[in-house]
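Worksheet for the structure shown next.
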Amino acid sequence: MNDSAFAVLRANGTVSAWGDAATGGVAPAGLSNVIEVYSTKTAFAALKKDGTVVAWGLAGNGGTAPAGLSNVARIFSTASAFAALKKDGTVVTWGDGAAGGVIPAGANVTNVLEIFSNRSAFAAVKQDGTVVAWGNAAEGGNLATPLANVATIVSTWTAFAALRTDGTAFSWGSQAEGGNLPDGYLTGTVARIFSTRAAFVALKTDGTVQGWGDGGHGSVPPSGLSGVADIVGAERAFAALKSDGTVVAWGDSRYGGSGVPAGLANVKALYSNSY
């Protein structure tokens, strides 16, 4: 299905939509007091001031919210499912079960602090720094290795990478798209992790960079790259801002992996689109 729709949130808390009616192009009548709108590829979900949720669009991809859903703080999505983080740290999901719309029986999804998602799986960081994942097992919904002391999670389309408070990193999901670090845990004091559609790179505290995942999507930084202050990922390429104000790019040349303007200097910040 390639049909799509748009939705707008007005300053007065009302919502309008247009486009393909079946995938969310018609907002529910009388929808008001909305503070945020979220989406899958074919549905929308509106979070209201009172913590309730209204969804519309393709029912199987999240267009029908669970009855009685309330006390919601934030909503997250994969391509075809939603996960609502409630104020008490519990999570309610709906939509495509294969893409995270159903939490497996026995999964302890409580005391959740933050939720992250990729195309078809969710990963939740709990208040104690542990992680629970669900959704498509091959794309990160099955975390076989217990993780603790996790600070944040970054995703490609089909894999996750967790940065721990001790500066180590771990990844899981599709091995071809970043789910398998070459040496298990990545050590060397990682400061931040960045991603393209199918590759990760870790910026270490010493300004060097290490990548893993699909080589065509930027998993192989230039040899000897150092002095890096920041990195930005696009769909299939990365660009690094060095501490001297110069820029280095790598990955698929069609997506910005080459072609940095000659003599580019005194750069203050990097940005990307397409991802």
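Does A17 satisfy the condition of being under 22 Å from the mean Cα position of the chain (by Cα) and open to solvent by less than 40 Å² (accessible area, probe 1.4 Å)?
No: the conditions fail for A17.
Under the condition of being charged (D, E, K, R) and free of Cβ contacts under 8 Å to residues at least 40 places away in the same chain, which residue from region 220-266 is nearest to T205 (Cα to Cα)?
K242
All but one of (1) touching a residue at least 24 places away in the same chain (Cβ under 8 Å); (2) open to solvent by less than 30 Å² (accessible area, probe 1.4 Å); (3) not acidic (D, E) hold for A269, so report the exception by its number.
Among (1) touching a residue at least 24 places away in the same chain (Cβ under 8 Å); (2) open to solvent by less than 30 Å² (accessible area, probe 1.4 Å); (3) not acidic (D, E), the lone unmet condition for A269 is (2).
Only one of these is farther than 24 Å from A11 by Cα, of a type in the set (S, T, Y) and surrounded by fewer than 23 Cβ atoms within 10 Å (Cβ to Cβ): T52, T64, T78. Name it.
T64
All but one of (1) surrounded by 16 or more Cβ atoms within 10 Å (Cβ to Cβ); (2) free of Cβ contacts under 8 Å to residues at least 40 places away in the same chain; (3) not aliphatic (A, V, I, L, M) hold for G129, so report the exception by its number.
Only one criterion in (1) surrounded by 16 or more Cβ atoms within 10 Å (Cβ to Cβ); (2) free of Cβ contacts under 8 Å to residues at least 40 places away in the same chain; (3) not aliphatic (A, V, I, L, M) is unmet by G129, namely (1).
Show the residue pairs meeting these rules: Cβ distance below 8 Å; 6+ apart or different chains; first residue within region 105-117 and free of Cβ contacts under 8 Å to residues at least 40 places away in the same chain; second residue among the small types (G, A, S) and not in a strand (DSSP E or B).
T110/G89; N111/G89; V112/G89; L113/G89
Working carefully through the options A265, A240, find the one that is of a type in the set (A, V, I, L, M, F, W, C) and either touching a Pro at 6+ places or on another chain (Cβ under 7 Å) or closer than 26 Å to A162 by Cβ (or both).
A240
Anything in region 20-36 that is open to solvent by less than 70 Å² (accessible area, probe 1.4 Å) and polar (S, T, N, Q)? List them, or say none.
T23, S32
Among (1) within 14 Å of the chain's Cα centre (by Cα); (2) at pLDDT 95 or above, which single condition is S174 missing?
Only one criterion is unmet by S174, namely (1).
Show the residue pairs that are 6+ apart or on different chains and have beta-carbon atoms under 6 Å apart, the first residue being within region 56-77 and over 16 Å from V26 (Cα atoms), the second being among the hydroxyl-bearing types (S, T, Y) and open to solvent by less than 30 Å² (accessible area, probe 1.4 Å).
S77/T40
Report the residue count in region 145-178 for those that are at positive phi and either of a type in the set (D, E) or free of Cβ contacts under 8 Å to residues at least 40 places away in the same chain (or both).
Number of matching residues: 2.
Considering only residues that are among the acidic types (D, E), out of contact with any Phe, Trp or Tyr (no Cβ under 7 Å at 6 or more places or on another chain) and crowded, with 22+ Cβ neighbours inside 10 Å, which ones fall in region 160-205?
Once the filter is applied, which keeps residues that are among the acidic types (D, E), out of contact with any Phe, Trp or Tyr (no Cβ under 7 Å at 6 or more places or on another chain) and crowded, with 22+ Cβ neighbours inside 10 Å, region 160-205 yields nothing.
Being surrounded by 15 or more Cβ atoms within 10 Å (Cβ to Cβ) and under 21 Å from T168 (Cβ atoms) is the filter here; which residues of region 206-219 pass it?
Of everything in region 206-219, those that are surrounded by 15 or more Cβ atoms within 10 Å (Cβ to Cβ) and under 21 Å from T168 (Cβ atoms) turn out to be G207, T208, V209, Q210, G211, W212, G213, S219.
Is it fair to say D244 is within 16 Å of V154 (Cβ to Cβ) and charged (D, E, K, R)?
No; evaluated as a whole, the condition is false for this residue.
The values are calculated or read from the model by the stated rules, or taken from the named source; none is laboratory data. Since the structure is predicted, the reported quantities are computational estimates derived from the model, not experimental observations. Counting neighbours? That spans all protein chains shown, and the Cβs are built from the backbone with ideal geometry, glycine included. Note: accessible area is taken over every heavy atom of the protein model, side chains too, but ligands, DNA and RNA are not part of it. Shrake-Rupley method; radii C 1.70, N 1.55, O 1.52, S 1.80 Å.
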